[in-house]
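Below is one structure; the comments refer to it alone.
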Amino acid sequence: MNTRAFPHRFLASLAALVLAVLVGHITDQTTGQSLAGLRVSTLGPTRTTVRTDADGRYVLRDLRPGRYTVVVRGKGVPTVRTTLVVSARTQRRDFVVCNVALDYSCANPPQRR
């Protein structure tokens with residue numbers, strides 16, 4: 001066995017086990033108000049869903065590093081999708097969305113002519 005190669009293989013295996021955390025805050029674009037109860041989901045190496053708390057914050061834990069589509073949805077909020085690369089650490093991704101209950105124009109965007 002090549003003892004010089006062992007530490008490198010071991011560290012590469014250990015790095016693959018390191019999990020990431022994605023945290024963020026979701027607010028309304030018109031009022032800046034925090035939005036509670038929205039679903040935040042990941043589509044990628046790890047699939048998971050959480051709801052925002054009373055302060056509009058979410059925490060997605062135990063994500064394997066990789067490319068993700070993050071989806072935000074909830075009653076009165078048009079679905080928002082974004083793609084990002086999650087690394088093996090804590091990352092922050094805030095969202096500003098349009099809530100129909102706070103801004104009626106979200107439901108009826110102006111028509112272009």
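The values are calculated or read from the model by the stated rules, or taken from the named source; none is laboratory data. Since we're looking at a predicted model, the values are computed, not measured. Positions of Cβ are backbone-derived with ideal geometry, glycine not excepted, and every protein chain shown enters the neighbour counts.
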Report summary line: So, first residue within 15 Å of Q33 (Cβ to Cβ) in the range 88-113, second residue modelled with pLDDT of 60 or more and of a type in the set (S, T, Y), Cβ within less than 6 Å, six or more apart or across chains; the pairs are V96/T27; L102/T30; L102/T31; D103/T30
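If only one of A54, A101 is loosely packed, with under 15 Cβ neighbours inside 10 Å, at pLDDT 95 or above and more than 10 Å from the chain's Cα centre (by Cα), which one is it?
Numbers: A101 fails: at pLDDT 95 or above.
A54 is the lone residue from the list that is loosely packed, with under 15 Cβ neighbours inside 10 Å, at pLDDT 95 or above and more than 10 Å from the chain's Cα centre (by Cα).
Considering V77, V40, which residue is modelled with pLDDT of 95 or more and surrounded by 11 or more Cβ atoms within 10 Å (Cβ to Cβ)?
Values: V77 fails: modelled with pLDDT of 95 or more.
Answer to the selection: V40.
Determine whether the range 24-42 contains at least one residue that is over 24 Å from V100 (Cβ atoms), of a type outside the set (S, T, N, Q) and under 12 Å from the mean Cα position of the chain (by Cα). Step through it out loud before you land on a result.
Here is the first cut: in the range 24-42, the ones over 24 Å from V100 (Cβ atoms) are 42.
Those still in the list that are of a type outside the set (S, T, N, Q) too: none.
No, every residue in the range 24-42 fails to be over 24 Å from V100 (Cβ atoms), of a type outside the set (S, T, N, Q) and under 12 Å from the mean Cα position of the chain (by Cα).
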**Report entry** Tally of residues being at negative phi and out of contact with any His (no Cβ under 9 Å at 6 or more places or on another chain) across the range 55-73
**Finding:** 13
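Every residue in the range 57-90 that is under 11 Å from the mean Cα position of the chain (by Cα), within 22 Å of D103 (Cβ to Cβ) and basic (K, R), please.
Applying the first criterion (under 11 Å from the mean Cα position of the chain (by Cα)) to the range 57-90 yields 57-61, 63, 68-72, 80-86.
Subset that is within 22 Å of D103 (Cβ to Cβ): 57-58, 71-72, 80-82.
If the condition is that a residue be under 11 Å from the mean Cα position of the chain (by Cα), within 22 Å of D103 (Cβ to Cβ) and basic (K, R), then R57, R81 are the ones that fit.
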